[in-house]
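Input: a single structure, listed below in structure tokens.
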Amino acid sequence: MSFYTGLGIVLLLWLAWDMYTGRVWLHRELHRDKEPTSYWLTMLLWLILALSCFVAF
């Protein structure tokens, strides 16, 4: 397993944990119930970053 595959797996696990807790970090902590748009946009950002680790360049 390459470094980037491992990193992608770790980021996906982190994403799953953030979805479970309803909190995510970008430059500060965001809560799903207080700032839903910012929360979901940040989750999308993390998802794109995690998935990019599985793309072969």
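The values are calculated or read from the model by the stated rules, or taken from the named source; none is laboratory data. What you are looking at is a predicted structure, and each value in this text was computed from that prediction instead of being measured. In this analysis, Cβ positions are derived from the backbone assuming ideal geometry, glycine residues included, and neighbour counts consider all displayed protein chains. Side chains included, ligands, DNA and RNA excluded: accessible areas come from the protein's heavy atoms. Shrake-Rupley method; radii C 1.70, N 1.55, O 1.52, S 1.80 Å.
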Notebook entry, point to check: Can you name the condition, by its number, that F54 falls short on among (1) in a helix (DSSP H, G or I); (2) surrounded by 13 or more Cβ atoms within 10 Å (Cβ to Cβ)?
Noted result: (1)
Margin query: Please determine whether any residue of the stretch 38-57 is at positive phi, of a type outside the set (S, T, Y) and without any contact (Cβ under 8 Å) to a residue 24 or more places away in the chain.
Written below: no
Note to self: Please count how many residues of the stretch 1-37 are open to solvent by 50 Å² or more (accessible area, probe 1.4 Å) and part of a helix (DSSP H, G or I).
What the structure shows: 14
Check: If you scan the stretch 6-36, which residues turn out to be closer than 23 Å to S52 by Cβ and either touching a residue at least 60 places away in the same chain (Cβ under 8 Å) or more than 13 Å from the chain's Cα centre (by Cα) (or both)?
Finding: G6, H27
Notebook entry, point to check: Within the group Y39, Y20, which residue is of a type outside the set (D, E, K, R) and in contact with a Lys or Arg (Cβ under 9 Å, 6 or more places away or on another chain)?
Noted result: Y39
